[in-house]
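A.B. asks: I have a structure I would like to understand better, so I am pasting it below and will then ask my questions one at a time.
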Amino acid sequence: MSSWLRRYTNVLSLLDLLQHQRLTLLDPSSWFDQNDALGLRRYADIRGEGSVYALCFAEGYEKAHHWQIFAGHSHGLAIVFDKDELLENVDNYNSHDEVIHREVIYANLKQVRQRDPIAISDLPFLKRDTFRDEAEYRIVAWEEKFFASESYRIPISLRSISRIVLGPSMPDSLGIALKETISRIGGCEELNFTKSRLVNNESWSDAIKYGLRKYESD
C-alpha cells in the first residue's frame, strides 16, 4: 500500500493539529454512513462501559470523491502524512486506553454473514464494499467511561507531515492567507504547501488543445 496517509479536512482542524501537535479522534455517531458507525458502537459496547473514537485517512492518490465528500468546501484541504512516521507516533503514545489502527476491511453482505462470528478486532474496521474506492486507513481509540470526553487526542510530531494540499475549491486568496498564518506557528516555518489541480489541470488542458489542433488549423 501507499507510504502516505491523507487526511481530508478543513482549515480549523489543520490549525488545531499544528498549534497543539495532536490528532483529534471523534465520536463516530454523527457519521454519514451509519452502517459503519454501528460497528464502532458495538465494538465499544463489547469492550465495556466507555466511549469509542475514530479518525479516518485515505491511502493512495487523491480522487474526486475524496474532495467532494470530505473537503469539497472553500476551506477544504488534505494533510499528507508520512505513514510510517505518523503510526510510530501513535504506537509510542503511552495511555491507559486501547488505541488500534489498520486498513479498513471492505466486504459485501454475503462476506459479512460468512464471518461467524465476527472477530472483535475486525469490528471497528469493517465497512461495506460500496465504499472500497476510499482506500481508508483508520485509527480507533476506546476509553473507559470515567475518562471519556467529546474527543480523544494523540500527540504527534510535525515531522510526520509531508505537505498540505489546498483543495481545488479553495480561493487563492484564502490559500495565501492560510500559509502566512501557519508560517507563524512554531515548527511550521518550512511546511510544504501545494494546490490540488484535480479539476483544473494545465496538463489536461494542453492535451485537449493538442488533440484539437487539426480543427484550429483548418
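The values are calculated or read from the model by the stated rules, or taken from the named source; none is laboratory data. Not measured: the values here are computed from a predicted model. Backbone-built Cβ (ideal geometry, glycine too); neighbour counts: all protein chains shown. Just the protein is used for accessible areas: all its heavy atoms, side chains included, with ligands, DNA and RNA removed. Shrake-Rupley method; radii C 1.70, N 1.55, O 1.52, S 1.80 Å.
A.B. asks: Before we move on, is Ile176 open to solvent by 90 Å² or more (accessible area, probe 1.4 Å) and aliphatic (A, V, I, L, M)?
C.D. replies: Numbers: open to solvent by 90 Å² or more (accessible area, probe 1.4 Å): yes; aliphatic (A, V, I, L, M): yes.
Spelling it out, Ile176 is indeed open to solvent by 90 Å² or more (accessible area, probe 1.4 Å) and aliphatic (A, V, I, L, M).
A.B. asks: Now for a separate question. Just the residues that are under 20 Å from Tyr8 (Cα atoms) and open to solvent by 80 Å² or more (accessible area, probe 1.4 Å), please, taken from the stretch 179-190. I'd like the intermediate steps shown before the answer.
C.D. replies: Here is the first cut: in the stretch 179-190, the residues under 20 Å from Tyr8 (Cα atoms) are 179, 181-182, 188.
Answer for the stretch 179-190, where residues must be under 20 Å from Tyr8 (Cα atoms) and open to solvent by 80 Å² or more (accessible area, probe 1.4 Å): just Lys179.
A.B. asks: Tell me, which strands (runs of 3 or more DSSP E) wholly within the stretch 58-142 include 2 or more residues that are open to solvent by less than 60 Å² (accessible area, probe 1.4 Å) and more than 30 Å from Thr194 (Cα to Cα)?
C.D. replies: Working: elements: 76-82, 98-103, 105-107, 126-128.
Filter on the stretch 58-142 gives 98-103, 105-107, 126-128.
A.B. asks: Next question, about the same structure. Within the stretch 159-171, is there a residue that is modelled with pLDDT under 95, over 30 Å from Glu88 (Cβ atoms), open to solvent by less than 90 Å² (accessible area, probe 1.4 Å) and more than 20 Å from the chain's Cα centre (by Cα)?
C.D. replies: Yes: the stretch 159-171 contains one or more residues that are modelled with pLDDT under 95, over 30 Å from Glu88 (Cβ atoms), open to solvent by less than 90 Å² (accessible area, probe 1.4 Å) and more than 20 Å from the chain's Cα centre (by Cα).
A.B. asks: Ok, one more. Look at Arg113 and say whether it is basic (Lys, Arg) and over 15 Å from the mean Cα position of the chain (by Cα). Steps first, please.
C.D. replies: Numbers: basic (Lys, Arg): yes; over 15 Å from the mean Cα position of the chain (by Cα): yes.
In short, yes.
A.B. asks: If I go through the stretch 143-158 residue by residue, how many of them are surrounded by 13 or more Cβ atoms within 10 Å (Cβ to Cβ) and farther than 18 Å from Ile100 by Cα?
C.D. replies: 2
A.B. asks: Contact list please: Cβ distance under 9 Å, first residue in the stretch 120-145 and more than 13 Å from Asn35 (Cβ to Cβ) and of a type in the set (S, T, N, Q), second residue open to solvent by 30 Å² or more (accessible area, probe 1.4 Å) and at pLDDT 90 or above, pairs at least six apart or on different chains.
C.D. replies: Sorted first by the residue in the stretch 120-145, then by its partner, the pairs are Ser121/Ile100; Ser121/Arg102.
A.B. asks: Next question, about the same structure. Quick one: is Val52 of a type in the set (A, V, I, L, M, F, W, C) and free of Cβ contacts under 8 Å to residues at least 60 places away in the same chain?
C.D. replies: Details: of a type in the set (A, V, I, L, M, F, W, C): yes; free of Cβ contacts under 8 Å to residues at least 60 places away in the same chain: no.
No.
A.B. asks: Now for a different question. Please name all residue pairs, on different chains or six or more residues apart, with Cβ atoms under 8 Å, provided the first residue is in the stretch 83-101 and is more than 17 Å from Ala148 (Cβ to Cβ) and the second residue is charged (D, E, K, R) and surrounded by fewer than 17 Cβ atoms within 10 Å (Cβ to Cβ).
C.D. replies: Between residues of the stretch 83-101 that are more than 17 Å from Ala148 (Cβ to Cβ) and residues that are charged (D, E, K, R) and surrounded by fewer than 17 Cβ atoms within 10 Å (Cβ to Cβ), the close pairs are Glu85/Arg159.
A.B. asks: Going by the structure shown, is Leu123 within 26 Å of His73 (Cα to Cα) and in contact with a helix residue (DSSP H, G or I) (Cβ under 8 Å, 6 or more places away or on another chain)? Before the answer, list the steps.
C.D. replies: Working: within 26 Å of His73 (Cα to Cα): no; in contact with a helix residue (DSSP H, G or I) (Cβ under 8 Å, 6 or more places away or on another chain): yes.
Here the answer is no, as Leu123 does not meet what is asked.
A.B. asks: On to the next question. Can you tell me which residues in the stretch 71-105 are among the aromatic types (Phe, Trp, Tyr) and over 17 Å from the mean Cα position of the chain (by Cα)? So that I can check it myself, show each step before the final result.
C.D. replies: Within the stretch 71-105, the subset among the aromatic types (Phe, Trp, Tyr) is 81, 93.
The one that is among the aromatic types (Phe, Trp, Tyr) and over 17 Å from the mean Cα position of the chain (by Cα): Tyr93.
A.B. asks: Any chance the stretch 32-43 includes a residue that's open to solvent by 10 Å² or more (accessible area, probe 1.4 Å), assigned to a helix (DSSP H, G or I), aliphatic (A, V, I, L, M) and at pLDDT 95 or above?
C.D. replies: The answer is no, given that none of the residues of the stretch 32-43 is open to solvent by 10 Å² or more (accessible area, probe 1.4 Å), assigned to a helix (DSSP H, G or I), aliphatic (A, V, I, L, M) and at pLDDT 95 or above.
A.B. asks: On to the next question. Find the residue count for the stretch 14-28, including only residues that are more than 11 Å from Ile156 (Cα to Cα), outside any strand (DSSP E or B) and either open to solvent by less than 40 Å² (accessible area, probe 1.4 Å) or at pLDDT below 95 (or both).
C.D. replies: Final tally of qualifying residues: 3.
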